[in-house]
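K.L.:
Following this message is one structure expressed as structure tokens.
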């Protein structure tokens, strides 16, 4: 009987630690409600390599994350919803592109602030976007040449 009580206490402690760990990871990853900031949209022809939680960076510094992905059923373009830190204000003519951290690294959204006087508002859309480069098709073109 004494062993059952000890096993129950150890099991409860393990479950409590696991819940605390996952809660901490969720909140510090910047994808939960604690991420704060304001939301903007960016429409891409292709969002390959991007998922919810992907970093949004300016000059290599993380300023937000992707919170949602949607497909526009009329244009078949990918709309990414970005949560941006509240202390970062972006001009209306800012641009966004999907870039890679390196040859084998993951993708992230790189924002380039524009020079407009007017700033993007909550729910605004970044007009100038560039989709990810398809590395495999580039390698195929280099190896097999252009078929024109």
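The values are calculated or read from the model by the stated rules, or taken from the named source; none is laboratory data. Here the structure is a predicted model, which means the values were calculated and not measured. No Cβ is skipped: glycine too gets one built from the backbone with ideal geometry, and neighbour counts run over all protein chains shown.
K.L.:
Considering the range 68-94 alone, what residues qualify as being part of a strand (DSSP E or B), within 15 Å of the chain's Cα centre (by Cα) and surrounded by fewer than 20 Cβ atoms within 10 Å (Cβ to Cβ)?
P.N.:
Going residue by residue through the range 68-94, those that are part of a strand (DSSP E or B) are 68-71, 78-84, 91.
Narrowing the set further to residues that are within 15 Å of the chain's Cα centre (by Cα) leaves 68-70, 78-84.
Passing the criteria: 68, 69, 70, 79, 81.
K.L.:
Checking residue 63 against (1) in a strand (DSSP E or B); (2) closer than 14 Å to residue 47 by Cβ, only one condition comes out false. Which one?
P.N.:
So residue 63 meets the others, but not (2).
K.L.:
Further, regarding this structure: Quick one: is residue 110 in contact with a helix residue (DSSP H, G or I) (Cβ under 7 Å, 6 or more places away or on another chain), touching a residue at least 24 places away in the same chain (Cβ under 8 Å) and either surrounded by 16 or more Cβ atoms within 10 Å (Cβ to Cβ) or not in a loop (DSSP other than H, G, I, E, B) (or both)? Don't jump to the end; show me each part of the working.
P.N.:
Working: in contact with a helix residue (DSSP H, G or I) (Cβ under 7 Å, 6 or more places away or on another chain): no; touching a residue at least 24 places away in the same chain (Cβ under 8 Å): yes; either surrounded by 16 or more Cβ atoms within 10 Å (Cβ to Cβ) or not in a loop (DSSP other than H, G, I, E, B) (or both): yes.
So residue 110 fails the test.
K.L.:
Return the total of residues in the range 15-40 being surrounded by fewer than 17 Cβ atoms within 10 Å (Cβ to Cβ), within 21 Å of residue 84 (Cβ to Cβ) and either at pLDDT 90 or above or out of contact with any helix residue (DSSP H, G or I) (no Cβ under 7 Å at 6 or more places or on another chain) (or both). Outline the logic, then answer.
P.N.:
Taking the range 15-40 and keeping what is surrounded by fewer than 17 Cβ atoms within 10 Å (Cβ to Cβ), we get 15-29, 32-34, 36, 39.
Then drop every residue that is not within 21 Å of residue 84 (Cβ to Cβ), which leaves 26-29, 32-34, 36, 39.
After this cut, where a residue has to be either at pLDDT 90 or above or out of contact with any helix residue (DSSP H, G or I) (no Cβ under 7 Å at 6 or more places or on another chain) (or both) as well, the list is 26, 28-29, 33, 36, 39.
Residues meeting the conditions: 6.
K.L.:
Now, a different point. I'm trying to understand the selection: among the residues of the range 119-148, which are surrounded by 10 or more Cβ atoms within 10 Å (Cβ to Cβ) and part of a loop (DSSP other than H, G, I, E, B)? Show your work before the answer.
P.N.:
First, pick out the residues of the range 119-148 that are surrounded by 10 or more Cβ atoms within 10 Å (Cβ to Cβ): 119-121, 123-135, 138-141.
Matches in the range 119-148: 120, 121, 123, 124, 127, 131, 132, 133, 134.
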